[in-house]
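Nothing in this text is a laboratory measurement; each read-out follows from the coordinates by a stated rule. Predicted model, so just to flag it, every value in this text is computed and none were measured. Cβ: placed from backbone, ideal geometry, glycine included. Neighbour counts: every protein chain shown.
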């Protein structure tokens, strides 16, 4: 039998017995073709990618902007050359797109659990985005696939905040129903829908308090809504203790390790660029606060001494001078490598903690009579401090809640005095390593007062925002320019110092 005959018979056999099955030859039976029945595949990625983005941003940008840390080399960012942070912009919009896809799947399958979670995650992401860039693409931003919207308008922050609050309210309502679907793939809150509900309502409080300076400029009933949430724990459960914290727990195995740890591949040289700032040193030492010894390490020059020293780096100094400050890096404290570098999972990816929630309620009770009528400011303030110490596993001194400041530069005590400044100073400490929240609280309130531009900063006024990414000017110029004009008066005036809507101007 020649070769041509063999080939002919082969084709005939395939035609007789195999044609109907050929389409399955390249199909992996273990890989889903459609994720409509597997929304957990989206959820895990959204949570991991977004939390890790915020942990990395807290390390490289947020901690510096809030002056928890300062740089000893490559100090341009610390001199207010903040740029666009386009990587974070892209990460937020990618994750928001996936959250929107999760919502669509949940709606199609009538799965209220995933629908609520998608609303909560998207609200968390977009509040960070609008806080850091001001007016942003929002309602039209995720319609490229289904709506053919490729140049979305930039919405004003007032409208975005109203939508965020509405979405969080809807999420709370969805999760208050009975017979909810079980959630899988949830590495953030382990499928606990009660905790997701607490997260949604606590985010509402964060958003409402962010508007404390613009109460008269918005239709949002900031005071009334805060009072309604705080006074009705049955309808609006909150993150009230550390067992309900929203913080990603890492593992000991790559790739699910803390993204700034040695095990993640982060270089020790890059880690060592960041040091304790003099700003946080001043506040911690004014109260003889032992959290300093957890967050930071003794200087290398003193670590073998009987009484090791903790010493901070000034923010906003030029390269060269920064490296030589106080005699060099050996005399400046590192951020504690035993927790944040050498251990793969000693630190968690903080999203929101109970301490922050109690500080929000305390401030609300001081600012707003309706909130003060349903919450005791001092109780929530002191609870916030206790929970912060507990979160970091630091023993709080017995007299800590009664302490006054030992520093002329730090004017407020720990002891409750009914002032917003005292509350925010402790809240700022509790927000250490929490994305951009410490910076946002400073811009909203002006506290702590010890935060100020460094000696070599580009200007003597603290900036307010990132610039829009260059891609926005290239691909969405008309809407980009309209947003710049609306916020700054002209495109040419738009810069880092253009205030966002809610800040203390």
_Could you give me D for the stretch 61-202, from Stokes-Einstein at 37 °C and 0.692 mPa s, where the hydrodynamic radius is the Kirkwood radius over C-alpha pairs? Units µm² s⁻¹, please._
195 µm²/s
*Between the helical axis of 40-57 and the dominant principal axis of the chain, each derived from Cα atoms, what acute angle in degrees is found, rounded to the nearest 10?*
30 degrees
*Stokes-Einstein diffusion coefficient of the stretch 160-212, Kirkwood radius over Cα pairs, 4 °C, 1.567 mPa s, in µm²/s*: 109 µm²/s
*Taking 7 Å along the Cα-to-C-beta vector as the label spot, tell me the residue 498-residue 390 distance in nanometres, rounded to one decimal.*
4.4 nm
_Using a 10 Å cut-off around each Cβ, can you sort 266, 258 from fewest to most neighbouring Cβ atoms?_
266, 258
*Calculated P(r) tail over 24 Å for the stretch 202-296, as whole % of Cα pairs*: 58 percent
_Folded to 0 to 90 degrees: helix 420-430 orientation relative to the chain principal axis, Cα_ = 50 degrees
*asked:* If I take R0 = 25 Å and measure r between the Cβ atoms of residue 267 and residue 345 in this structure, what FRET efficiency does the formula 1/(1 + (r/R0)^6) give, to the nearest 0.05?
replied: 0.85
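Compute the length gained on full extension between residue 184 and residue 399: take 0.36 nm times their separation in residues and subtract their Cα-Cα distance, giving the result in nm to one decimal.
On the way: separation 215, 0.36 × 215 = 77.40 nm, distance 4.47 nm.
Between residue 184 and residue 399, full extension yields an extra 72.9 nm.
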*Per principal axis, descending, Cα span of the stretch 360-407 in whole Å*: 34, 26, 15
*By how many degrees, between 0 and 90 and to the nearest 10, does the Cα long axis of helix 354-367 differ from the longest principal axis of the chain?*
60 degrees
*State the extension gain, in nm to one decimal, for the chain segment bounded by residue 163 and residue 73, taking 0.36 nm per residue of separation less the distance between their alpha-carbons.*
28.3 nm
_Extension gain (nm, one decimal) between residue 475 and residue 41, 0.36 nm per residue minus Cα-Cα_ = 153.1 nm
*Can you work out the FRET efficiency for the pair residue 288 and residue 323, with r the C-beta to C-beta distance and R0 = 35 Å, to the nearest 0.05?*
0.70
*Find the centroid of the Cα atoms in the stretch 444-473 and in the stretch 318-342, then give the distance between the two in whole Å.*
23 Å
_Where labels lie 7 Å past Cα in the beta-carbon direction, separation of residue 192 and residue 143 in nm_ = 3.9 nm
*Could you state the principal axis extents of the C-alpha atoms in the chain, from the largest down, to the nearest angstrom?*
100, 53, 50
*Alpha-carbon Rg with Dmax, taken over the stretch 358-505, Å*: 19.1, 59
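Mind sorting 184, 282 by how few other Cβ atoms lie within 10 Å of their own Cβ, fewest first? Before the final figure, lay out the partial values.
Working: 184 14, 282 18.
Ascending Cβ contact count within 10 Å gives the list 184, 282.
Taking the number of other C-beta atoms within 10 Å as the exposure measure, put 392, 59, 196 in order starting with the fewest.
Working: 392 17, 59 21, 196 26.
If I rank by nearby Cβ atoms, fewest first, I get 392, 59, 196.
Using only DSSP helix segments of four residues or longer, with each worth -39500 (n - 2.57), what per-residue ellipticity at 222 nm results for the chain after dividing by its residue count and rounding to 500?
When only DSSP H runs of four or more count, the value is -13500 deg cm²/dmol.
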